[in-house]
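Asker: Mind looking over this structure? Questions follow.
The values are calculated or read from the model by the stated rules, or taken from the named source; none is laboratory data. All figures in this text were calculated on a predicted structure; none of them were measured in a lab. Virtual Cβ from ideal backbone geometry, glycine too; neighbours counted across all protein chains shown.
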Amino acid sequence: MDQTPIINFCKDLGCCYACCLRYLGLKNPKVFENCRKYVLEILENGQPKKNDRDSAEKSEIMKKDENAEEPVNKKMKMNDTCVSCMGLLQEESWPNYFQALDVTRKGYETDTFACGLSAPMTTLLREKAVILRLCNQFTEYDATILTPLKEAWKWTFGVQMAKVIGKSLDSGAVSPLLITLNMEYPDDLQELEILKTLSPSLFELRSKQKKRFTVEFTRRSVEEALTDLSLEALQGVDGWKDGLPAVEKHVKCVSVVSVHTPMYLGGRYIKLSRELPQTPWMVNGVRMMDSSVQEIIFDPIARMNLIEPADVEHRLKFMSAGREDVDVRCLGQGRPFAVEITDPRKQLSPEELKTICKEISKTGKVIVKDLIYVTKVDLTELKKGEETKCKTYEALCIKLSHSEYDHIVNPDSKPKVTENDIERINSYSNTSPSDEARIVLKQKTPVRVLHRRPLLTRQRRIYELIAKELPDHPQLFTLVIKTEAGTYIKEWVHGDLGRTRPHLGEAIKAKVDILALDVASVHLQWPLVNNKN
Amino acid sequence: MAFNILDSIPDIDNFKSYTDRYFSKRYILDVDGVKNNDIMIMFHSNRIALLSLAPSHYFFKKNDDYTINFTIGNIDRLSNTVKGKGKKGGQYLTPKSVICKIEYCDGTSYAVPSCMKGTLVEINEELVNNPALLKKLPDSDGFIAIILASIAVSEATKSELLAHDEYLKKLNSQNSDGKKD
């Protein structure tokens, strides 16, 4: 349909050039870079040029002359403020908004940004008012063509903002950095008050259910109230009869929120201490141990990312494929883990990552050999690994009573691990030979965790079990054991008051207990790509 | 870098049993005024409590065959179930609640009270088929029940009951009193 009458109609209502283009449904970003020229061109020629781009370019050329005629930088008067976007898309408002931009403070390294807008809610009401009038005036007007305020904001303000902050504007799907300006109109809520008379049932419901709806006006409730609004109803309201009420006050930029999408570091940690929990161990708000694997790993990562100690807790998140008890070491290739860095300022170089590893390992309690950046998708591997992986442990065990198989001369003598014991353990099985698992256990939730876990009986599988004598320690033996994830090894050895059945003692008909436990290997490929630069 | 599990062999002479590693034992003597009806409650550091008989209980002096009956009136302790982390649905226990009865062939029996307020989490079902465990390993595999109380109740009960050394002292004085009689 003809664009000229629509433009004229919008202008008469008090819309700015950019909003005129929005109501025309134009979606070409180039057009919005000089809205005024483009609108004037349509008005002059009756129709736009054969393609938007050409005319936008042409208008660039024309720009200087036109500026000479009518400087756009003049101070805007309140009555010039657009009744639809409330000035957001008008260059005259922007200097104030530019002043609010102090994103350089956070020191993002990325060259690009995406630009977000949180507009006053009453812009929704005002858009609806214009649309209703357009539909009333032009029967063939399609209300769905409206170019969203946010898009136009990007193409107009965003382009200029790029120059101010020295980064290039990109889409939110591409750039990891999103900078959102939060805009407030002082009379926003007063203006929306009319919706209570226009859509009384909706707001009565909301005020009845105060617990569910803590605020009356949200973007959603406003949109809901506007859905069935008719022009007649709107025109019945004071101030809306002949058009839209003038914008009496400035829309202010109350805050600028910039946030970078999280980055993830992946690696494996070796834990060498038997007095080190994986994460801070708190009992009733009191910490039980000075440090933790998490804190040792966080410390240099935080420093390299310039994260203040006070912010570490909410800026860094530790994830791992399972965990070990505080008194269990994790050796071999270590346990897969990842660290999520919220709102990171920069990407660390391979050298910096190396330095982080060195700093971690310097503690002597934790060793991390490599750290690399991983993707969010990779993390699912880590979590999947938590359930599906199997683990190999090494345990140091003690024989506490004579075996019923032992030929005891003196019952008071110290029990000794015999060759027979070793053989019995190494051949012990309660499954059929074709079964992949050698032993299947039923474990009730161990007493030591029963206070915080449900009482359940879990079936777990042991794939390998190899005992070895220790020549210098006749009462001790070592055990290499490969099990399904989630097997409680300590309980398998001592039986947890008979609550794990069978338990190791049953293989040799003697009482056995565990002195020390190490994770020897967590069988999970991680991180997925191991680039060694 | 090689790390050997043998680096961490603890001092075996000071080896602590499973029970001693995790639990502190508390005792209550002559429950219900019955001489040597002595109960032991073992508190895990995580406030889980195990109910058992104290070594001085007269049960350990009697050598007759016995069975352990977990049906108390119309309550079947063995059908106790708990759900979730909060152990919801477990039977509610007061100190007087009877957990089980030890019954002898001659028709005599005596009741084991829970001696503390809390939720019954688990009965040691193994005792049904293998009642000898109670005599053989009263402070480990022969425990009678697992009880969970609130932190406050658990702490209060723990401080009310006799600690291990107080228990030994009391037993000693009882024994010497006995000799004087």
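Asker: Condition test on A:ILE489, is it buried (at least 16 other Cβ atoms within 10 Å of the Cβ), touching a residue at least 60 places away in the same chain (Cβ under 8 Å) and within 14 Å of another protein chain (Cβ to nearest Cβ)?
Answerer: For A:ILE489, the condition - buried (at least 16 other Cβ atoms within 10 Å of the Cβ), touching a residue at least 60 places away in the same chain (Cβ under 8 Å) and within 14 Å of another protein chain (Cβ to nearest Cβ) - is met.
Asker: While we're here: Tell me, which strands (runs of 3 or more DSSP E) lie completely within the stretch A:349-447 with 3 or more residues that are surrounded by 15 or more Cβ atoms within 10 Å (Cβ to Cβ) and within 14 Å of chain B (Cβ to nearest Cβ)?
Answerer: Values: elements: A:366-374, A:390-399, A:439-444.
Per the criteria, A:366-374, A:390-399.
Asker: Applying the selection to the stretch A:461-470, what residues are surrounded by fewer than 20 Cβ atoms within 10 Å (Cβ to Cβ), more than 11 Å from chain B (Cβ to nearest Cβ) and either in contact with a helix residue (DSSP H, G or I) (Cβ under 7 Å, 6 or more places away or on another chain) or free of Cβ contacts under 8 Å to residues at least 60 places away in the same chain (or both)?
Answerer: A:ARG461, A:ILE466, A:GLU469
Asker: Within the stretch A:57-112, restricting attention to residues that are touching an Asp or Glu at 6+ places or on another chain (Cβ under 7 Å) and at pLDDT 85 or above, which residue is surrounded by the fewest Cβ atoms within 10 Å (Cβ to Cβ)?
Answerer: Across the stretch A:57-112, the extreme among qualifying residues is A:THR112.
Asker: A:ARG458 passes all but one of (1) more than 14 Å from every other protein chain (Cβ to nearest Cβ); (2) modelled with pLDDT of 95 or more; (3) buried (at least 16 other Cβ atoms within 10 Å of the Cβ); which number fails?
Answerer: Here A:ARG458 clears every test but (3).
Asker: To continue, here is another question. Give the stretch A:239-291 a look and list any residue that's in a loop (DSSP other than H, G, I, E, B), within 14 Å of chain B (Cβ to nearest Cβ) and farther than 30 Å from B:LEU6 by Cβ, or say none.
Answerer: Here is the first cut: in the stretch A:239-291, the residues in a loop (DSSP other than H, G, I, E, B) are A:239-251, A:261-262, A:272-281, A:284-285, A:288-291.
Checking which are within 14 Å of chain B (Cβ to nearest Cβ) leaves us with A:272-276, A:281, A:284-285, A:288.
Across the stretch A:239-291, the qualifying residues are A:ASN284, A:GLY285.
Asker: In the stretch A:1-33, which residue that is modelled with pLDDT of 90 or more and part of a loop (DSSP other than H, G, I, E, B) is nearest to A:GLY239 (Cα to Cα)?
Answerer: A:GLY14
Asker: Hey, does the stretch B:122-144 have a residue that's farther than 25 Å from B:TYR22 by Cα and either within 14 Å of another protein chain (Cβ to nearest Cβ) or not small (Gly, Ala, Ser) (or both)?
Answerer: Taking the stretch B:122-144 first, the residues farther than 25 Å from B:TYR22 by Cα are B:128-129.
Cutting the leftovers down to either within 14 Å of another protein chain (Cβ to nearest Cβ) or not small (Gly, Ala, Ser) (or both) gives us B:128-129.
Within the stretch B:122-144, one or more residues are farther than 25 Å from B:TYR22 by Cα and either within 14 Å of another protein chain (Cβ to nearest Cβ) or not small (Gly, Ala, Ser) (or both).
Asker: Sticking with this structure for a sec: Going through the stretch B:15-57 one residue at a time, which ones are part of a loop (DSSP other than H, G, I, E, B), within 14 Å of chain A (Cβ to nearest Cβ) and acidic (Asp, Glu)?
Answerer: Initial filter on the stretch B:15-57 (part of a loop (DSSP other than H, G, I, E, B)): B:15-17, B:29-30, B:34-38, B:45-47, B:54-57.
With within 14 Å of chain A (Cβ to nearest Cβ) added as a condition, the list becomes B:15-17, B:45-47.
Within the stretch B:15-57, none qualify.
Asker: Here's a follow-up. Within the stretch B:84-120, which residues are under 28 Å from B:SER159 (Cβ atoms) and within 14 Å of chain A (Cβ to nearest Cβ)? Before the answer, list the steps.
Answerer: We begin by selecting, within the stretch B:84-120, every residue under 28 Å from B:SER159 (Cβ atoms); these are B:85-88, B:90-100, B:110-120.
Result: B:LYS85, B:GLY86, B:LYS87, B:LYS88, B:GLY90, B:GLN91, B:GLY118, B:THR119, B:LEU120.
Asker: Of all residues in the stretch A:507-519, which are more than 9 Å from chain B (Cβ to nearest Cβ), assigned to a strand (DSSP E or B) and either under 35 Å from the mean Cα position of the chain (by Cα) or not aliphatic (A, V, I, L, M) (or both)?
Answerer: Matches in the stretch A:507-519: A:VAL519 only.
Asker: Moving on. Only helices (runs of 4 or more DSSP H) wholly contained in the stretch B:84-181 count here; list those with 2 or more residues that are loosely packed, with under 13 Cβ neighbours inside 10 Å and out of contact with any helix residue (DSSP H, G or I) (no Cβ under 7 Å at 6 or more places or on another chain).
Answerer: Numbers: elements: B:126-129, B:132-136, B:151-160, B:164-180.
Fully inside the stretch B:84-181 and qualifying: B:132-136, B:151-160, B:164-180.
Asker: Any residue in the stretch B:151-164 that is of a type in the set (Val, Ile, Thr), modelled with pLDDT under 95 and farther than 17 Å from B:ILE41 by Cβ?
Answerer: So far as the stretch B:151-164 goes, no, none of its residues is of a type in the set (Val, Ile, Thr), modelled with pLDDT under 95 and farther than 17 Å from B:ILE41 by Cβ.
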